[in-house]
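Down below is the structure, laid out as structure tokens.
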Amino acid sequence: MNTKRTLLKSVAAAALATLALGSAHAADITGAGATFPFPIYAKWAEMYKAQTGVGLNYQSIGSSGGIRQIRAKTVAFGATDAPVSGADLDKDGMVQFPAIIGGTVPVFNLDGFKPGEVRITGAVLADMFLGKIANWNDPKIAALNPGKTFPNQAITVVHRADGSGTTFNWTDYLSVVSKDWADTVGKGAAVKWPAASSVGGRGNEGVAANVTRTRGSIGYVEYAYAKKNKIPHMQLQNADGNFVEPDDTTFAAAAAGVDWFSVPGMGVSMVNAKGKNAWPVSTASFILMYKDPADKAASAEVLKFFDWSFKNGKQAALDLDYVPMPDAVTAQIRQRVWSQIAK
């Protein structure tokens, strides 16, 4: 009976994965990269296939993997949360554009606390990830949360084990709010994690799983993963000094003043953006494509998919607490970016 139940669970899991993205054999579009936008790309893929019959085989392997795959020309598009520099885009003969906006959130596993019940500042968060604050009952945490009692429990830091755009944005934020972090660790898609008690997980999925099963842990994931897995998140103090909750409205507030074409490849950082309601670790996720693709038909299908998603996928994005790209920006992407891709 247990064997049969296990088999049924395996079959159900396989069926769910196929439903989300279409099987590798049936898919007409191939992409790989960032795990940050995977939930919305999966939803868009499901909607798009239902309407057009065209599938998407997207490998959620992390931003560094996505960059490697597109450079190896094994996929029609790569996806990264850490934008590629203008110089590297020119060298590779690629274009880059933002496809979706979301937010990275600090998540934790502590008995007796619900989502949003713990407040934290960037400086204290950095000290926790540095290992300088190693216990939950540290006075600095208590001072931010009057009336709450924290246990005498060690903090385990959960981080990405793979090259990750989510890590790039998280460490970019910690570098902005903590000179100590900037001087000793810095920012990058992969860094040397200093906390003595730490564990790695592959993808946003892996970090979410490790936080869920590790009592006393703290980690960072794209908000959709926290919400889906019911992992408590923290309120975070923003650049204006306000404690804010993560959701589509606070991510949108962070993106409100962005001048997308002020940086080559539209690779604008929204870290610690000004605005009374802005979420401090908001970011865009980017798509990489060749200007002169080897398979022009496959490249054209990618553009059709994102064109359809920009026009028809806004509510699905909001339902998952992502922020769709504004129409004015997507119009500019079509005119100034997609026009560079050979048909």
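The values are calculated or read from the model by the stated rules, or taken from the named source; none is laboratory data. Being a predicted model, the structure only gives us computed values, none of them experimental. As a convention, Cβ positions derive from the backbone with ideal geometry for all residues, glycine included, and neighbour counts pool all protein chains shown.
Residues of region 26-38 being at pLDDT 95 or above and either assigned to a helix (DSSP H, G or I) or among the acidic types (Asp, Glu) (or both), which ones?
PHE38
What are the pairs, 6+ residues apart or on separate chains, where a residue within region 185-206 that is in the same structural domain as GLN59 (by TED's automatic domain parsing) has its Cβ under 7 Å from a residue that is surrounded by 20 or more Cβ atoms within 10 Å (Cβ to Cβ) and of a type in the set (S, T, N, Q)?
none
Residue by residue, here is whether (1) closer than 22 Å to GLY122 by Cβ; (2) in contact with a strand residue (DSSP E or B) (Cβ under 6 Å, 6 or more places away or on another chain); (3) at pLDDT below 95 holds:
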position: GLY265; (1), (2), (3): no, yes, no
position: SER269; (1), (2), (3): yes, no, yes
position: ALA278; (1), (2), (3): yes, no, no
position: SER282; (1), (2), (3): yes, yes, no
position: PHE286; (1), (2), (3): no, yes, no
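A quick yes/no check of all residues on (1) of a type in the set (Gly, Ala, Ser); (2) crowded, with 19+ Cβ neighbours inside 10 Å; (3) under 16 Å from the mean Cα position of the chain (by Cα); (4) within 27 Å of ASP111 (Cα to Cα):
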| position | (1), (2), (3), (4) |
| --- | --- |
| LEU144 | no, no, no, yes |
| GLN153 | no, no, no, yes |
| LYS187 | no, yes, yes, no |
| ALA190 | yes, no, yes, no |
| PRO194 | no, no, no, yes |
| ALA208 | yes, yes, yes, yes |
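Restricting to region 318-340, and then to whatever is among the aliphatic types (A, V, I, L, M) and more than 25 Å from VAL263 (Cα to Cα), can you tell me which residue is nearest to the chain's Cα centre (by Cα)? Full working, then the answer.
Residues of region 318-340 that are among the aliphatic types (A, V, I, L, M), as a first pass: 318, 320, 323, 325, 328-329, 331, 333, 337.
This time we only want the ones that are more than 25 Å from VAL263 (Cα to Cα), so: 318, 320.
Values: LEU318: 15, LEU320: 12 Å.
In this case the residue turns out to be LEU320.
Can you tell me which residue is surrounded by the fewest Cβ atoms within 10 Å (Cβ to Cβ) among those in region 48-106 that are within 21 Å of PHE310 (Cα to Cα) and among the polar types (S, T, N, Q)?
Per the criteria, the residue is GLN51.
Can you name the number of the only condition in (1) under 18 Å from the mean Cα position of the chain (by Cα); (2) free of Cβ contacts under 8 Å to residues at least 24 places away in the same chain; (3) under 21 Å from VAL176 (Cα atoms) that ALA256 fails?
(1) is the only condition that ALA256 fails.
Would you please name the residue that is farthest from VAL84 (Cα to Cα), looking only at residues in region 50-69 that are in contact (Cβ under 8 Å) with a residue 40 or more places away in the chain and outside any helix (DSSP H, G or I)?
Taking the candidates together, the pick is VAL54.
Hey, can you tell me all the residues within region 292-336 that are in contact with a Gly (Cβ under 9 Å, 6 or more places away or on another chain) and assigned to a loop (DSSP other than H, G, I, E, B)?
If the condition is that a residue be in contact with a Gly (Cβ under 9 Å, 6 or more places away or on another chain) and assigned to a loop (DSSP other than H, G, I, E, B), then ASP292, LEU320, ASP321, TYR322 are the ones that fit.
Enumerate the pairs (first residue in region 329-342 and exposed (fewer than 14 other Cβ atoms within 10 Å of the Cβ); second residue anywhere and modelled with pLDDT of 95 or more and not in a helix (DSSP H, G or I)) with beta-carbon separation below 9 Å, excluding pairs fewer than 6 apart on the same chain, so at least 6 apart or on different chains.
GLN340/VAL95; GLN340/LYS291; ALA342/TYR290; ALA342/LYS291; ALA342/ASP292; ALA342/PRO293
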